[in-house]
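Below is one structure, written out as structure tokens, with a few remarks after it.
Quick note: the coordinates plus some simple rules give every number you see, no bench work behind them. Nothing here was measured: the structure is a model prediction, and the numbers come from that model. No Cβ is skipped: glycine too gets one built from the backbone with ideal geometry, and neighbour counts run over all protein chains shown.
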Amino acid sequence: MIDKYSRYILDSLAEGVYVVDNEFKLLFINKAAERLLGKNRNKYIGTVCTSFCQSEICETGCPISKVLITEKSVTDLETVYKNDKGELIPVKINSSLLTDENQTPIGGIISFRDNRVNKNLEELLKSDSHFHGIIGKSQPMIDIFRTIEEISNTDATVLITGETGVGKELIANAIQGTSKRSHQPFVKVNCAVLPEALLASELFGHVKGAFTDAVKDRKGRFELADKGTIFLDEIGEMPINMQAQLLRILQEGTFERIGESITKKIDVRIIAATNKNLEEQIQEKKFREDLFYRLNVIPMKIPPLMERGSDILLLTEFFIEKYARKYNKEVKEIDPDALEVIMNYSWPGNVRELENAVEYSFIREKKSDSLCLCCLPPQIRPQKKCSEHLSLHQLEIDDKAQELLSLLRQNNWNKTKVAKLLGVDRSTIHRRLKSIQSD
Amino acid sequence: MSEMLGNQYFLTRRYSDACIELEAEIHKNPLNKSVLKKLIICYLQTSQLEKAVHSFNFLIQEDIHSILDTDPIRDDCPCPDIIHKMDQEITGYHNDDGLIKLGILWLYCDIEESLNYFEKVSPQSEYYNLVDRIIIKLQQALKTLN
């Protein structure tokens, strides 16, 4: 059934592959499958495939029988196989049917890959140091997690404050996710990105003809969030005129669409966030005091990363695992001197800056198993201490690379936009990126 | 839907489902021995003894080795388990139907045991004539094997 060359091809794959006949007896097992499960393939050829994979799904939902029933291939099905030591190995499997010229099923093929890396990440996210996707076990974070749990049964308005990059949106997600409104709409609005006129339309909606571009009626974000939650990010940037309308929603739960006199009533929980000091904004008459008190029912101040010392290591480990997966690299740890720099840096850009630094290091990493000091972004590492001493020219290249990567990140990796900003061709950006990676 | 799906149901011991798929295959190809040998077990496990005895007799007259060659481990044959369960049910085979059922199941594991059970079936059994023919076939096969 499988000729010599097909065997060579299948044996050269990194994924485990096995082929069964129409009685589910194993016809072929490739080398990767043998290695992944630690089982001698010769022992299993001719036996029923359940003896080889020993998976729970053999009984409950054999992937090949799924294909037989649905006539659709199975992809990325998560399950566990048992290796020769009896250990359960998380795997992701794909399955297809083999048919003859009359489309009669004559067998099946299953490919699988080790899913332990993904599972580790998931387990990390489920562990004690993680709360709804937020990583932290420092005391200030534990206090925040506790508060979130305490308010989960209420509809209280929450005001999240903290420096840029501390993860205010993640906190908002956790508040919504643990609330009784978790299955209702969750609408997010960044108050800083839209001009005043557009923001009003975005929040409250408009009717056809309300203004030049209002060609049809449109619901606003508050209406869309009815019965659910709205997250108003960067509330400190909200124009003072609109703050009065927001206050009315908070007090009465009512508003009107732009261009319409009908008053609508809604039931929305509000979570707001800002990196501004709203008390100072009040002094400067940029923020309404009455709105502040309405929003500040449950205040949540997220500490900057430098005040969460024990979380820096945890976050670094998390990002290493995340980017090892993203860039398909074997990096598992960070060199001690690089870690020392990370632990002692002030992180003005907080968690976001730390994540960017780890990603940058992955792009620059030269060793296969760990991140070294010289891979860290130049503004973080003390250049003279770099264990792999870089030349002046190399450091100059480093700085340029850092600038380029930073611009790309700010612009969501839109190379055309960054090329315009730098006044160069798009191809130049590609070339520079390539050279950064090859460095 | 297909023989292969029937085989899968059989492997997962879903005998009623397997019966439907394998019977459909037998209608298309009555001489498909590998399907027939599974179908016999499905009939036994779904209380269709008459169909089981007739199919069993047909298959052993055609090719008794298709059953004798069964490897309980490689083929993941359910017969040893079924027999074990029947042994635990004290009253399970104290009648002719139970003896016939055990006789059929034992042929997948051991011809002498199988013959032993068939020989215990009383002449009052409605399948006695068929059993008689089965016994003759088994005795012939046993002689050849010895």
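Each DSSP beta bridge with both residues in chain A is either parallel or antiparallel, and the antiparallel ones are about 60%. Taking region B:1-45 and a reference point 7 angstrom along Cα→Cβ of A:GLU59, the backbone N atoms nearer than 14 Å belong to B:11-14. Mean residue ellipticity at 222 nm, helices only, the protein assembly as shown: -15000 deg cm²/dmol; runs of at least 4 DSSP H residues each add -39,500 (n - 2.57), and the sum is divided by the number of residues.
Spacing of the modelled spin labels on A:THR416 and A:LEU88, each 7 Å from Cα toward Cβ, amounts to 4.9 nm.
For region A:347-354, putting each phi into the Karplus relation 6.51 cos²θ - 1.76 cosθ + 1.60 with θ = phi - 60° gives couplings of 6, x, x, 6, 4, 4, 5, 5 Hz, in residue order, rounded to whole numbers and with x for Gly and Pro.
Working from label points 7 Å from Cα in the Cα-to-Cβ sense, the A:SER427 to B:GLU119 distance is 9.2 nm. Per residue, the convex hull spanned by the alpha carbons of region A:19-174 comes to 188 Å³. For the protein assembly as shown, the fraction of C-alpha pairs more than 30 angstrom apart is 69%.
Using the alpha-carbon centroid of each, what span in Å lies between region A:216-281 and region B:13-88? Between the Cα centres of region A:216-281 and region B:13-88 lies a distance of 70 Å. Taking 0.36 nm per residue of separation and subtracting the Cα-Cα distance, full extension of the segment from A:THR154 to A:GLU330 would add 58.9 nm. Relative contact order of chain A, taken over Cα pairs closer than 8 Å and 6 or more residues apart, is 11 percent.
Take A:HIS183, project a point 7 Å from its Cα along the Cβ direction, then tell me which residues of region A:219-244 have their backbone nitrogen under 18 Å from it. Only A:226-229 fall inside the zone, counting backbone N under 18 Å.
What is the gain in length, in nm to one decimal, between A:GLU260 and A:LEU198 on full extension, counting 0.36 nm per residue of separation less the C-alpha to C-alpha distance?
Extending this stretch completely gives an extra 20.7 nm.
Separation of region A:91-109 from region B:122-141 is 42 Å, based on Cα centroids. When the protein assembly as shown is described by a simple charge dipole with +1 on each Lys and Arg Cβ and -1 on each Asp and Glu Cβ, the residue from B:GLN140, A:PHE28, B:TYR43 located farthest towards its positive end is A:PHE28. Between B:HIS27 and B:ASN146, the modelled labels are 4.4 nm apart [label points 7 Å from Cα along Cα→Cβ]. What residues of region A:216-252 lie in the reach of a label at A:ARG352, counting those whose backbone N is under 12 Å from a point 7 Å from the Cα along Cα→Cβ? From region A:216-252, the list is A:234. Remark: for residue pairs A:LYS227/A:LYS286; A:LYS326/A:LYS420; A:LYS43/B:LYS101; B:LYS37/B:LYS120; A:LYS39/B:LYS33; A:LYS92/A:LYS168, the C-alpha separation exceeds 25 Å in A:LYS227/A:LYS286; A:LYS326/A:LYS420; A:LYS43/B:LYS101; A:LYS39/B:LYS33; A:LYS92/A:LYS168.
Tilt of helix B:33-45 relative to the longest C-alpha principal axis of chain B, in degrees (0 to 90, nearest 10)? Computed tilt is about 70 degrees. Seen from A:ILE240, the other residues with C-beta closer than 9 Å to its C-beta sum to a net charge of +3, counting Lys and Arg as +1 and Asp and Glu as -1. For the protein assembly as shown, the dipole from Cβ point charges (+1 on Lys and Arg, -1 on Asp and Glu) about the Cα centre works out to 1780 debye, to the nearest 20. Ordered by residue, what ³J(HN,Hα) values in Hz, to whole numbers, does region B:6-19 give under the Karplus form 6.51 cos²θ - 1.76 cosθ + 1.60, where θ = phi - 60° and Gly and Pro are x? Karplus values, whole Hz, x for Gly and Pro: x, 4, 5, 4, 4, 4, 8, 6, 9, 5, 5, 5, 4, 4. Using only Cα atoms and rounding to the nearest 10 degrees, what angle (0 to 90) does helix A:168-178 make with the longest principal axis of chain A? So the helix axis and the longest Cα principal axis differ by about 70 degrees. Mind pulling the angle between the C-alpha long axis of helix A:240-252 and the longest principal axis of chain A? Nearest 10 degrees, somewhere in 0 to 90. Once rounded, one gets 80 degrees. Along the axis of the charge dipole computed for chain A (Cβ charges of +1 for Lys and Arg, -1 for Asp and Glu, origin at the Cα centre), the listed residues A:VAL80, A:THR254, A:MET141 are led at the positive end by A:VAL80.
Report the net charge of residues surrounding A:VAL189, where surrounding means a beta-carbon distance below 12 angstrom and charges are Lys +1, Arg +1, Asp -1, Glu -1. Within the 12 Å Cβ shell, the charges total -3. The value of relative contact order for region A:139-301, using C-alpha pairs under 8 Å at least six residues apart, is 32 percent.
Over all other residues within a Cβ to Cβ distance under 13 Å of A:CYS58, the charged ones net out to +1, with Lys and Arg as +1 and Asp and Glu as -1.
In order along region A:27-34, the phi-based Karplus estimate (6.51 cos²θ - 1.76 cosθ + 1.60, θ = phi - 60°) of 3J(HN,Hα) comes to 9, 8, 9, 7, 4, 5, 5, 4 Hz; Gly and Pro are listed as x.
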